[in-house]
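The values are calculated or read from the model by the stated rules, or taken from the named source; none is laboratory data. Here the structure is a predicted model, which means the values were calculated and not measured. Reconstructed Cβ throughout: ideal geometry from the backbone, glycine too, with neighbour counts over all protein chains shown. With ligands, DNA and RNA removed, areas are computed over all heavy atoms of the protein, side chains included. Shrake-Rupley method; radii C 1.70, N 1.55, O 1.52, S 1.80 Å.
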Amino acid sequence: MTTVDAPVPGSVAARLRTWDWVYLGYLLFVLAQPYFSPDPRWWEWPLAIAVCAATAVLWAAALLRGPSASHIWSSIVPMAAIGTLTAPFNTNASVLFIYAAAVAGDTLPWRDARLWFAGLTVLDSVTALVSQVPMPYRLWGFVSALLLIWVIGLLELKQRDRRQELENERLRTSQVELLATITERERIARDLHDLLGHSLTAVVMRAQLTKELVLADPQRARAEAEEIERNAREALAAVRSTVTGWRQTNIRAELEAARRALAGTGVTLRVDFEDGLILIAAAEHALGLALREAVTNVARHARASACHIGLDTDGERVRLVIADDGIGGEAPEGTGLTGLRERIAKLGGAVQRTGSAGTTLTITVPVEVAR
């Protein structure tokens, strides 16, 4: 019973919009015997009409209820029983065995459905032997039913399996979309933290400095205000590019931003950058954000006077080191460092943090994924 153009799979509305209702047209064959009989007996028309009405009700119940094991007693058994009782008097009533096979194929497991096909075949054969309809008219209904029990039943089994495959594929697609959405949200959350943490820290610190310089040194206060404006614009651009997904950081740009950020807090910066070191975009983006997070932590928490940034490779790993001479400590890691570890882990790298004699953050990435 194949449903097409269904608004919601499995709903009553979906089962109402199906071509399977057309199959009730085969009940006209039941009416054909008294119609074409040259001398129908008085009970042939009432019997044919009763068979058609009962089959239509059972078929509608099967369609509206959808796949269910309860169809064995609510549809399959009644159809088989009506066919067994009436087919000896109306050869075309054997069509009920075909309806029963269709419901079995649509609702039962393969093994159970095939057992029903075999049982319906036996019933069709038995009713053919005891039929009161003369030859050769008797064969027209019973032989066709004998073939169609298996043809229609197996087709329904295959269509049912196909529908199940499509439903499973739809569920897998939904799961993939959900995971992609969650991954994208996590990416945006990490990027916003890494990108805005640095920029907003610089804005806050420069705003505090500007407030102190307004009266003492108006000219420098003006310069700091311009720097605040530039940092704010960079933060706004970072938000926009992060949300659209194309934001890529650059190590050299991050080093320059680090110089400006640390200079505003009075921290002396020394940089050792291996000449000729070229990184692929994904690795440079991850290391650039790691550098930004580390520098933000130095400016915000370290109370350092000097900071050293080193980037080099030993042939097996690309290594980024950010070390300061601040207060150090082993405070619990915040969301920034947690997101940094997750980002580096995706590249097969590692993050090591030590908090004695200042803080040193060492980030390593396998050279085969970084270059």
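Summary table
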read-out	value
Count of the range 268-290 residues which are surrounded by fewer than 20 Cβ atoms within 10 Å (Cβ to Cβ), part of a loop (DSSP other than H, G, I, E, B) and not acidic (Asp, Glu)	4
Among the residues listed as Val133, Val143, the single one being touching a helix residue (DSSP H, G or I) at 6+ places or on another chain (Cβ under 9 Å), more than 16 Å from Gly105 (Cβ to Cβ), outside any helix (DSSP H, G or I) and not aromatic (Phe, Trp, Tyr)	Val133
Restricting the range 129-154 to residues that are open to solvent by less than 20 Å² (accessible area, probe 1.4 Å) and free of Cβ contacts under 8 Å to residues at least 60 places away in the same chain, the residue that is farthest from Ala81 (Cα to Cα)	Gly153
Some residue of the range 96-103 being open to solvent by less than 50 Å² (accessible area, probe 1.4 Å) and more than 30 Å from Met135 (Cβ to Cβ)	yes
Scope the range 332-366; condition open to solvent by 30 Å² or more (accessible area, probe 1.4 Å), part of a loop (DSSP other than H, G, I, E, B) and either in contact with a Cys (Cβ under 8 Å, 6 or more places away or on another chain) or of a type outside the set (Asp, Glu) (or both); matching residues	Pro332, Gly334, Lys346, Leu347, Gly348, Ser356, Ala357
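Each row is one residue, and each column tells you yes or no for (1) at pLDDT 80 or above; (2) touching a Cys at 6+ places or on another chain (Cβ under 6 Å); (3) open to solvent by 40 Å² or more (accessible area, probe 1.4 Å); (4) β-branched (Val, Ile, Thr).
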position: Trp21; (1), (2), (3), (4): no, no, yes, no
position: Ala32; (1), (2), (3), (4): no, no, no, no
position: Phe36; (1), (2), (3), (4): no, no, yes, no
position: Ala62; (1), (2), (3), (4): no, no, no, no
position: Arg65; (1), (2), (3), (4): no, no, yes, no
position: Thr84; (1), (2), (3), (4): yes, no, yes, yes
position: Asn92; (1), (2), (3), (4): no, no, no, no
